[in-house]
Amino acid sequence: MAGAKGVQKEPLDQVSQNKIFCETIRKELKCQRLQTEYVMNPRIRVYTTTGKPTSWHDNLEEPADAGFLKLIHHAALEPNKKYREPQSESQEIGWFSNPLISVNRNDSRLHFPSRTTEISRYMAEMWRLKEMSKNK
């Protein structure tokens, strides 16, 4: 038994080691192929980097393509400026951002300004003192 416990393996001599090495190399060469043509993997996303700011060929002025610029500017617009009506249900929220009625600050039915009372001034002072004691 080759894998039995307690059995000592006798060390390999140079000829046996060379035979094992030659067999290993032969198996490797049978499976290996030398690649001379390299292509990009289409499944891996490639991140481009910007050019050097001092290189002359990167800084050549090219004529601007008016159609392309118009397309880019149109894509950057808000949806309510691009389309006449909402394209999805979620765009309906906030589509009409103008207020339905004008804001009248004197009308107490629609305007609720924040007011301070004695207790709110007291708590504001307490929190201010608490923050000051934390910072020390």
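Structure notes:
- Filtered residues of segment 82-124 (kept if under 30 Å from residue 70 (Cα atoms) and either part of a loop (DSSP other than H, G, I, E, B) or in contact with a Gly (Cβ under 8 Å, 6 or more places away or on another chain) (or both)): 83, 84, 85, 86, 87, 88, 93, 94, 95, 96, 97, 98
- Applying a threshold of 9 Å to beta carbon distances and a minimum spacing of six or more residues, or different chains, the list of pairs starting in segment 96-113 at a residue that is within 19 Å of residue 86 (Cβ to Cβ) and ending at one that is assigned to a loop (DSSP other than H, G, I, E, B) and of a type outside the set (A, V, I, L, M, F, W, C) is empty.
- For segment 1-57, the set of residues classified as open to solvent by less than 90 Å² (accessible area, probe 1.4 Å), hydroxyl-bearing (Ser, Thr, Tyr) and assigned to a loop (DSSP other than H, G, I, E, B) consists of 55 only.
- Residue in segment 60-79 that is without any contact (Cβ under 8 Å) to a residue 12 or more places away in the chain, assigned to a loop (DSSP other than H, G, I, E, B) and of a type in the set (Phe, Trp, Tyr) present: no
- Flag if residue 127 is in a helix (DSSP H, G or I) and aromatic (Phe, Trp, Tyr): yes
- Among the residues of segment 82-102, those that are more than 31 Å from the chain's Cα centre (by Cα) and modelled with pLDDT under 85 comprise 96, 98, 99, 100, 101, 102.
The values are calculated or read from the model by the stated rules, or taken from the named source; none is laboratory data. Since we're looking at a predicted model, the values are computed, not measured. Ideal geometry is used to build each Cβ from the backbone, glycine not excepted, and the neighbour counts take in all protein chains shown. Quick note on the areas: whole protein, heavy atoms, side chains included, nothing else; ligands and nucleic acids left out. Shrake-Rupley method; radii C 1.70, N 1.55, O 1.52, S 1.80 Å.
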